[in-house]
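Undergrad: Below you will find the structure I want to go over with you.
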Amino acid sequence: LDATIDQMSLHFVQDGHLLHTQSDEAKRQKEREAEEQEALEREIEKQKAEGQTEAIEDEARGLRNQFNFSERTSQTVNNQQRERQTMTAPPVSVEFAAQATQWEMHDAYREDQMRKREAERKLKKGKAEAPAAVKPVSKKQAPAPEDVVHSEAVGHAAKILERMVNQNTYDDITQDFKYWEDASDAFREGEGTLLPLWKFYNERAKRKHVTCVRWNPEYSDLFAVSYGSYDFMKQGGGMLCLFSLKNPTYPELTCSTDSGVMCLDWHPQHSSILCVGLYDGSVSVYETRSKKQAPIFQSSVKAGKHTDPVWEVCWQEEDLARNLNFFSISTDGRVTLWTLSKSELEFSDLMQLKLVGKGEEAEEDEEATLCGLAGGCCFDFSRLSEHLFLVGTEEGKVHKCSKAYNSQYLNTYEGHYM
């Protein structure tokens, strides 16, 4: 073994009270114990000589301290270890086998998507129905004072007050509107007289032509007026105004457009929805109850916009999907169906107006076909047969058409030359 390397390793060391009998410390401890024993024996003999026999040894040793700590060791019995075992019934197992095909995965994904959409719809509906949370107002920051003069309630009251003032101002005209009759009409055969009553005027529509007027199907005092220009060399912006007989001095609603408004039509069931046709070939749909003057739907070049002015629009019955739709006609030779979907205005051409030769039995002229399509000016749909409609063209002809058969005219009526 190498003497320079310590070969011993200590795994456990503990200080104890045992001393070796041959050590110096043990010898000194034995001497102290012998001295204490000799001193004790001398004290006992002294007390015996004095005649004290009881508790001689205790008094010789001195008073015993009952709080004196002395280290004692003890060994306890360890408890025996016990093994405990138990037995439980095994869980019920079921054997399952199936085959996962592509269509089954597709159906499972579709069901999961529909379930998520239904949960989102219920969540949005719950948020919409839940009352708005009231924010606590701190004492330091007081709520801003409401502008009463420009509030909605004051605007509504001012509109009612304006109508009352106009009713007093135009009381004589109102009386003539209700009760006036010309006695001289009894002596005129087939003739009568007209009495002008109100004059509706808008300063912003100065030097513009009135292109169309339509009464509202629900409110008998409300009508819409479209402003444009028939001077094709001088085209500018257009305007849409709503007037009421209760207030002839100022329109109820005014909407400006980039191009002249050439036609309009109210929806027969939804009396607040209005569709218009513009000179640049586009069509728009307005919600008159909205405070915004911008249309809710508008066609564009990508969405089938007409290339010529739109001369007439007409609402139709809702389709099977409960979507609103209307027709439009233009001098570009197209009769177009417009459908109001959730996000955009969809179009589909119902019919293209072809040029025909003169005479009822004349065949279709090849040169006329090459020139293009007939310019449509107006149309009207039958109230008895919803698939039938008449179309008037620039050539002065009236064509009878059908929605179900749009390749040719059912009949042509020639009574005009232009």
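The values are calculated or read from the model by the stated rules, or taken from the named source; none is laboratory data. As the structure is a prediction and not an experimental result, all values here were calculated from the model. With ideal geometry, Cβ positions are generated from the backbone for all residues, glycine too; neighbour counts draw on all protein chains shown. Just so you know, the surface numbers come from the protein's heavy atoms only, side chains and all, with ligands and any DNA or RNA stripped out. Shrake-Rupley method; radii C 1.70, N 1.55, O 1.52, S 1.80 Å.
Undergrad: Quick one: if you stick a label point 7 Å off each Cα along the C-beta vector at Gln22 and Leu161, how many nm between them?
TA: Label-label distance for Gln22 and Leu161, simple model: 12.9 nm.
Undergrad: Suppose accessible area is computed on protein heavy atoms with a 1.4 Å probe; arrange Glu50, Glu395 from highest to lowest.
TA: Working: Glu50 120, Glu395 70 Å².
Listed by decreasing accessible area, they come as Glu50, Glu395.
Undergrad: Residues in the stretch 290-308, backbone N under 17 Å from the label point at Ser271 (7 Å along the Cα-to-beta-carbon vector): list them, ranges by number please.
TA: Correct set: 290.
Undergrad: Would you grab the residues whose amide H sits under 5 Å from the one on Thr211? Only those 5+ places off in sequence or on another chain, please, with H modelled 1.01 Å from N.
TA: Here Ser226, Tyr227, Gly228 satisfy the definition.
Undergrad: The stretch 292-361: percent of C-alpha pairs farther apart than 13 Å? Mind dumping the intermediate values first?
TA: Values: 1681 of 2415 pairs.
The calculated P(r) of the stretch 292-361 puts 70 percent of pairs beyond 13 Å.
Undergrad: Follow-up. For Lys302, go through the lysines and keep the ones whose alpha-carbon is under 29 Å away, minus same-chain ones fewer than eight residues off.
TA: Lys234, Lys291, Lys292, Lys342, Lys354, Lys403
Undergrad: Calculate, for Trp198 and Arg289, the FRET efficiency according to 1/(1 + (r/R0)^6) with r their C-beta to C-beta distance and R0 30 Å; round to the nearest 0.05. Before the final figure, lay out the partial values.
TA: Numbers: r = 24 Å, r/R0 = 0.81.
That gives a FRET efficiency of 0.80.
Undergrad: Near Phe381, within a Cβ-to-Cβ distance under 13 Å, what is the net charge of the other residues, with Lys and Arg +1 and Asp and Glu -1? Could the numbers behind the result be given before it?
TA: Working: positive: Arg383, Lys400, Lys403; negative: Asp265, Glu312, Glu317, Asp380, Glu386.
Combined, the nearby Lys, Arg, Asp and Glu give -2.
Undergrad: With all protein chains present, calculate the accessible area of Tyr227 using a 1.4 Å probe and round the result to the nearest 10 Å².
TA: 20
Undergrad: Accessible area, 1.4 Å probe, largest first: how do Trp103, Trp198, Trp338 sort?
TA: On the way: Trp103 165, Trp198 55, Trp338 0 Å².
Largest accessible area first, the residues go Trp103, Trp198, Trp338.
Undergrad: A further question on this structure: Local charge sum around Pro309 (other residues, Cβ-Cβ under 13 Å, Lys/Arg +1, Asp/Glu -1)? Intermediate results must be reported in sequence, preceding the final value.
TA: Numbers: positive: Lys305, Arg334; negative: Asp231, Asp280, Asp308, Glu312, Asp332, Glu394.
Net of charged neighbours comes to -4.
Undergrad: Taking 0.36 nm per residue of sequence separation and subtracting the Cα-Cα distance, how much length would be gained by fully extending the chain between Lys30 and His11, in nm to one decimal? Mind dumping the intermediate values first?
TA: Details: separation 19, 0.36 × 19 = 6.84 nm, distance 3.27 nm.
Taking Lys30 through His11 to full extension adds about 3.6 nm, to one decimal.
Undergrad: OK, next. Quick one: net charge of Gly281's neighbours, Cβ under 15 Å, K/R +1, D/E -1? All intermediate terms of the calculation are to be shown ahead of the outcome.
TA: Values: positive: Lys302, Lys305, Arg334; negative: Asp258, Asp280, Asp308, Glu312, Asp332, Asp349.
Computed value for this residue: -3.
Undergrad: Which of these, Ala158, Ala100, Ala294, has the largest mean-square fluctuation under a Gaussian network model of the chain (Cα springs below 10 Å)?
TA: Maximum among the listed residues: Ala100.
Undergrad: For Leu123 and Tyr219, what does the FRET efficiency come to when R0 = 45 Å and r is the distance between their Cβ atoms, rounded to the nearest 0.05? Could the numbers behind the result be given before it?
TA: Working: r = 38 Å, r/R0 = 0.85.
So, using R0 = 45 Å, E works out to roughly 0.75.
Undergrad: Relative contact order (percent) for the chain, with alpha-carbon contacts under 8 angstrom and 6 or more residues of separation?
TA: Values: 562 pairs, mean separation 22.5, N = 418.
Relative contact order of the chain: 5 percent.
Undergrad: Hey, another quick one. Taking amide H positions as placed in the peptide plane 1.01 Å from N, state which residues far from Gly236 in sequence (5 or more) or on other chains have amide H under 5 Å from it.
TA: Here the answer is Gly260, since their amide H atoms fall under 5 Å of that of Gly236.
Undergrad: Still on this structure, please answer the following. On a straight-distance basis, which lysines could pair with Lys199 in a cross-link, Cα separation under 18 angstrom, same-chain partners fewer than 8 positions away excluded?
TA: Lys178, Lys208, Lys246
Undergrad: Can you give the FRET efficiency to the nearest 0.05 for Gln175 and His209, using r as the Cβ-Cβ distance and R₀ = 30 Å? Could you put the intermediate results ahead of the total?
TA: Working: r = 32 Å, r/R0 = 1.07.
Rounded to the nearest 0.05, the efficiency is 0.40.
Undergrad: Bins of 20 Å, beginning at zero and ending with the bin holding the largest distance: percent of Cα pairs per bin for the chain, please.
TA: Percent of Cα pairs in each bin: 14, 28, 18, 8, 6, 9, 10, 6, 1.
Undergrad: Right, another one. Compute the separation of the alpha-carbon centres of the stretch 90-122 and the stretch 261-308 and state it in Å as a whole number.
TA: Answer, in whole Å: 46.
Undergrad: On to the next question. Quick check: at a probe of 1.4 Å, how many percent of the accessible area of the chain sits on carbon and sulfur atoms? Intermediate results must be reported in sequence, preceding the final value.
TA: On the way: 17340 of 33690 Å².
C and S fraction of accessible area: 51 percent.
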